[in-house]
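Structure record follows, encoded as structure tokens.
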Amino acid sequence: MRPPLARRVVAELLGTALLVAAVVGSGIMGERLSAGNVALALLANTVATGAALVAFILAFGPVSGAHFNPVVSVCDVWMGGLPPRDAACYVCAQFVGGIGGVVAAHAMFSEPWIALSLHARNGSAQLFAEGVATFGLLAVIWGVSRSQPKVTPFAVGAYITAAYWFTSSTSFANPAVTVARALTATFSGIRPVDVPGFLIAQLLGGIAATAVCRWIMPIPSTSAGRVVGQVVLSGRDAASGDLSSDAAKCDPESAEHASEHRYHNNAEHRQNQYER
């Protein structure tokens, strides 16, 4: 059973805020300490972001699913895992949380709380890179959460860490993070004028990945709601062999049938023993 919507929305807000604070804050620290070495600054930004993402998914996943990303929430509606009203609340919380994360990072480093970025990130190559980055992210989420749910947080963190380096855009792959990063005139920023193109590319990439994954590896709608962080809980059940508990989380009726099936099997076993 899911926690109340209010708790899940707060978890999404806090998780997104902390994620953006990690992205922006590590960018500021990396730039200050790298003595002009952009590659070193990017490496510091990458490692901090990937590690923080894993930690926050593990922390907030059991509450909200740890989407922290409007594309994930919107596509989860399509997969049948999240009601549209809940998704709308998630998305609002993610955008608000992202802006709060920028303010927090700036406050920690004595920067102006809000400062529009001048960092140009434009051109067809970077837009295509954002589409690819978001496609890959959603493919990892849907694929790993279905096949090996308990390692999903680590897979997502590993993918984002890698995508920082194999995409020319450094893999924003998140509309809430993208909008927030337009409000920082630091290493991780993006010019506001470049934001719309990134958002369109991210949405198209996420939709394409979800469509492909629905075809090549069908995911039951009852399990789609656990796509990111709630897989931590289902992973524990799978590891302990408690499949009925996993069924109960997503479909009480299925759990009831599973329980009834076990009851008849036990009864038949006892009858066989008696006959012998």
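Every read-out reported here was derived from the displayed coordinates using simple, explicitly stated rules and does not represent laboratory data. From a predicted model like this one, the values you see are computed outputs, not experimental measurements. Don't worry about glycine lacking a Cβ; one is built from the backbone with ideal geometry, like all the others, and counts go over all protein chains shown.
With the requirement that a residue be in a helix (DSSP H, G or I) and more than 12 Å from Trp165 (Cα to Cα), what does region 29-39 give you?
Keep residues of region 29-39 that are in a helix (DSSP H, G or I), which gives 29-33, 38-39.
Once the filter is applied, which keeps residues that are in a helix (DSSP H, G or I) and more than 12 Å from Trp165 (Cα to Cα), region 29-39 yields Met29, Gly30, Glu31, Arg32, Leu33, Val38.
There is no residue in region 134-143 that is out of contact with any helix residue (DSSP H, G or I) (no Cβ under 8 Å at 6 or more places or on another chain), surrounded by fewer than 23 Cβ atoms within 10 Å (Cβ to Cβ) and free of Cβ contacts under 8 Å to residues at least 40 places away in the same chain.
Residues that are free of Cβ contacts under 8 Å to residues at least 24 places away in the same chain and within 22 Å of Val151 (Cα to Cα) within region 1-58 comprise just one, Ala55. When region 1-28 is limited to residues that are part of a helix (DSSP H, G or I) and not hydrophobic (A, V, I, L, M, F, W, C), the one that is farthest from Ile160 (Cα to Cα) turns out to be Arg7. When each of Ala88, Ala125 is tested for being over 20 Å from Thr46 (Cα atoms), surrounded by fewer than 18 Cβ atoms within 10 Å (Cβ to Cβ) and over 20 Å from the mean Cα position of the chain (by Cα), the lone residue that passes is Ala125. Would you confirm whether any residue within region 94-101 is among the aromatic types (Phe, Trp, Tyr), surrounded by 23 or more Cβ atoms within 10 Å (Cβ to Cβ) and part of a helix (DSSP H, G or I)? No.
Restricting attention to region 141-151, does a residue exist that is closer than 22 Å to Arg191 by Cβ and not basic (Lys, Arg)?
Taking region 141-151 first, the residues closer than 22 Å to Arg191 by Cβ are none.
Within region 141-151 (the criterion being closer than 22 Å to Arg191 by Cβ and not basic (Lys, Arg)), the answer is no, since none of the residues qualifies.
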